[in-house]
Amino acid sequence: MLKGKTILIGVTGSIAAYKAADLASRLMKQHAQVHVIMTENGAKFVSPITFETLTGRKCITDTFDRNYPSDHPIEVEHISLAKKADLVIVAPATANIIAKMACGIADDMLSTTLLACTCPVLVSPAMNTHMYEHPATQANLDILRARGVKIIEPASGHLACGDEGKGKLPDPAFLVDCILAKIACPKDLAGKKILVTAGPTCEAIDPVRFITNHSSGKMGYAIAQAAALRGADVTLVSGPVSLAPPLGVRLVKITSARDLFAAVTAVSESQDIIIKAAAVADYRPAAVSDEKIKKADNDLSILLARTEDTLQYLGSHKPEGQILCGFAMETSDMENRARIKLKKKNLDMIVANNVKVAGAGFGTDTNVVTFITQDTTEQLEIMSKESVAMKLLDRLIVL
């Protein structure tokens, strides 16, 4: 998602500098061009060679480095790097570099480059809790925020100094998410409200047992993440899953089809786009036992009752201009059944797939889908759920 983007990582003198190596590696896997500038103290914690090996580029530590090949054009390196960068992240950021940035001090390669940057800048503080909470540090962070610098709040936990509290560098995967949120996509959905449902529902039989399905929530979560990356105000209504919510998404947790109906209809009228990717139970036990049902020698029958049809409700109460997209997972006669659902539920689009097709089943990282509207049918090849999500949003924007 960062192909063609140039990311500059500033690494300062903190024990958390070792995490910056993981960050550089993750950014390379996103196909970014990664450059690293280290302060003198940062290089005492992690060797510059580590970053050179990970990025394939020289790690800059000296403002006055003149070790160029004979045919290398002479350039002012800190200005050159500042011009190249699509984003700069200082991680870990010590109290010292934060103070320098706030005061405009430029006395080493990193602080000089930061002063020349016009691209988005992220700062991820990492230090002792008392240093982080000190009024001077907090005042400096406020100055940077006022200038448009994005401050990534440190995590809490056991610190290297032995203290407990706020000051840990967040997990590198989270830092990558922060970078993606800033520059991965054009913000073509800015100002739009999008509601996404994801995951399964669970319908109780007794306090121990329930009826559910195999949905992992991966498709719905991918859609929510893609919409957030593109600038939308996203609400994600999710059944029980093991996935972390995407950055910048408002998560509403639900359990049953009744919960989902209540959560969705409470906000549905204010949404510009609703995408119903959840696998909602069509039936629930007509009666729920207050006690665990004991095993007996004879068979047991459970009477089932229909659940609330949230999609039907949304289709019949759709405000003018709202786009409603449903999902249809079938095992046969996929397109015909999906078209019937499209018309019956008053949908603008339906995303259909066949659970029997390789790569399109529950829990996979890929999907094989067909986009169906009243007038069109578009069958996509197998691709990642993240790619499906982006293509789906492209089509919905057109609608």
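The values are calculated or read from the model by the stated rules, or taken from the named source; none is laboratory data. In this text, all values refer to a predicted model and were calculated from it rather than measured experimentally. In this analysis, Cβ positions are derived from the backbone assuming ideal geometry, glycine residues included, and neighbour counts consider all displayed protein chains. Surface areas here come from the heavy atoms of the whole protein model, side chains and all, with no ligands, DNA or RNA. Shrake-Rupley method; radii C 1.70, N 1.55, O 1.52, S 1.80 Å.
Scanning for something in contact with a strand residue (DSSP E or B) (Cβ under 8 Å, 6 or more places away or on another chain), open to solvent by less than 30 Å² (accessible area, probe 1.4 Å) and not in a loop (DSSP other than H, G, I, E, B), does region 362-369 turn up at least one residue?
Taking every residue of region 362-369 in turn, at least one turns out to be in contact with a strand residue (DSSP E or B) (Cβ under 8 Å, 6 or more places away or on another chain), open to solvent by less than 30 Å² (accessible area, probe 1.4 Å) and not in a loop (DSSP other than H, G, I, E, B).
Tell me, yes or no, whether region 268-282 has at least one residue that is in contact with a strand residue (DSSP E or B) (Cβ under 8 Å, 6 or more places away or on another chain), without any contact (Cβ under 8 Å) to a residue 60 or more places away in the chain and open to solvent by 60 Å² or more (accessible area, probe 1.4 Å).
yes
Going by what's in this entry, would Val280 be described as β-branched (Val, Ile, Thr), touching a helix residue (DSSP H, G or I) at 6+ places or on another chain (Cβ under 6 Å) and over 30 Å from Ala173 (Cα atoms)?
When the stated conditions are applied, Val280 passes them.
Quick test for you: out of Lys253, Lys292, pick the one residue that is more than 23 Å from the chain's Cα centre (by Cα) and loosely packed, with under 15 Cβ neighbours inside 10 Å. Give the steps one after another, and end with the answer.
Numbers: Lys253 fails: more than 23 Å from the chain's Cα centre (by Cα).
So the residue among Lys253, Lys292 that is more than 23 Å from the chain's Cα centre (by Cα) and loosely packed, with under 15 Cβ neighbours inside 10 Å is Lys292.
Tell me, which residue of region 86-131 that is charged (D, E, K, R) and not in a helix (DSSP H, G or I) is surrounded by the most Cβ atoms within 10 Å (Cβ to Cβ)? Show your work before the answer.
Taking region 86-131 and keeping what is charged (D, E, K, R), we get 86, 100, 107-108.
With the extra rule that they be not in a helix (DSSP H, G or I), the set shrinks to 86, 107-108.
Numbers: Asp86: 17, Asp107: 9, Asp108: 20.
This residue is Asp108.
Output the qualifying pairs, or none if there are none: Cβ atoms under 6 angstrom, residues six or more apart or on different chains, first residue in region 1-27 and basic (Lys, Arg), second residue assigned to a loop (DSSP other than H, G, I, E, B).
Sorted first by the residue in region 1-27, then by its partner, the pairs are Lys3/His31; Lys5/Ala32; Lys5/Asp86; Lys19/Leu169.
Ala204: without any contact (Cβ under 8 Å) to a residue 12 or more places away in the chain and open to solvent by 10 Å² or more (accessible area, probe 1.4 Å), yes or no?
Spelling it out, it is not the case that Ala204 is without any contact (Cβ under 8 Å) to a residue 12 or more places away in the chain and open to solvent by 10 Å² or more (accessible area, probe 1.4 Å).
Taking region 161-201, which residues are surrounded by fewer than 18 Cβ atoms within 10 Å (Cβ to Cβ) and among the small types (Gly, Ala, Ser)?
Of everything in region 161-201, those that are surrounded by fewer than 18 Cβ atoms within 10 Å (Cβ to Cβ) and among the small types (Gly, Ala, Ser) turn out to be Gly162, Gly165, Ala173, Ala190, Gly191.
Quick one: which helices (runs of 4 or more DSSP H) sit completely within region 1-67 and have at least 3 residues that are of a type in the set (S, T, N, Q)?
48-55
Answer with yes or no whether Lys341 is open to solvent by 50 Å² or more (accessible area, probe 1.4 Å), touching a strand residue (DSSP E or B) at 6+ places or on another chain (Cβ under 7 Å) and at pLDDT 95 or above.
Yes, satisfied.
Can you tell me which condition Gly248 does not meet? The list is (1) under 30 Å from the mean Cα position of the chain (by Cα); (2) open to solvent by 70 Å² or more (accessible area, probe 1.4 Å); (3) among the small types (Gly, Ala, Ser), and all the others hold.
The number of the failed condition is (2).
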